[in-house]
Amino acid sequence: MGRIADRLAELGLELPSPFAPPPGVEFPFALVKVSGNMGYVSGHLPVDGSDVLMTGRVGDGGLSLEQGQEAARLTGLSIFASLEQELGDLDRVTGWVKALGLVQCAPGFDKPPAVINGFTDLVLDVWGPDAGRHARSAIGAAQLPFDVPVEVEAIVALS
């Protein structure tokens, strides 16, 4: 096992199945596109394969801030699974460069950055403060695919 796999095990985390389209949906794009020493990760959702793990809107009484953070964390694990599938080894990710998080939230909900902290905190826990620290944006959205509360895309540096 590699360093990142060991760290995931140490934290008691298991990766879900890589993101897969639900029946009747096709992905005409790569989940992870490698170009040179960079990996570009398409928007991911809180899923295990094609199974959606969380749905709902944050901040309207449907989902709490903490539940939104858990959705962001689950989305991070989905991203890790797709990276592992594409790269063969998560140790090839030498740094997290940029992330964009979208939060399906109620009008007036002004805490999308706090929700996406669930993703950022996971990356920092697994990769550490040097390789895990990334630039980030977090935006509230009226609607996300399959009614999920969070979508995250990212750019990573590769060896």
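Could you check the stretch 73-94 and list, in sequence order, the residues that are open to solvent by less than 10 Å² (accessible area, probe 1.4 Å) and either on the phi > 0 side of the Ramachandran plot or not in a helix (DSSP H, G or I) (or both)?
Scanning the stretch 73-94 gives a single hit, 93.
Would you check which residues across the stretch 11-27 are at pLDDT 95 or above and open to solvent by 70 Å² or more (accessible area, probe 1.4 Å) and list them?
14, the sole residue that qualifies.
Condition check: farther than 23 Å from residue 103 by Cβ, open to solvent by less than 20 Å² (accessible area, probe 1.4 Å) and outside any strand (DSSP E or B). Does residue 8 satisfy that?
yes
For the subset of the stretch 128-159 comprising residues that are among the polar types (S, T, N, Q) and not in a strand (DSSP E or B), which member is least open to solvent (accessible area, probe 1.4 Å)?
Within the stretch 128-159, the match that is least open to solvent (accessible area, probe 1.4 Å) is 159.
Every residue in the stretch 47-69 that is assigned to a loop (DSSP other than H, G, I, E, B) and either among the basic types (Lys, Arg) or open to solvent by 40 Å² or more (accessible area, probe 1.4 Å) (or both), please.
50, 53, 55, 57, 59, 60, 61, 62, 64
The values are calculated or read from the model by the stated rules, or taken from the named source; none is laboratory data. These numbers come from a predicted model, not from an experiment. Positions of Cβ are backbone-derived with ideal geometry, glycine not excepted, and every protein chain shown enters the neighbour counts. Heavy atoms of the whole protein, side chains included, go into the accessibility calculation; ligands, DNA and RNA do not. Shrake-Rupley method; radii C 1.70, N 1.55, O 1.52, S 1.80 Å.
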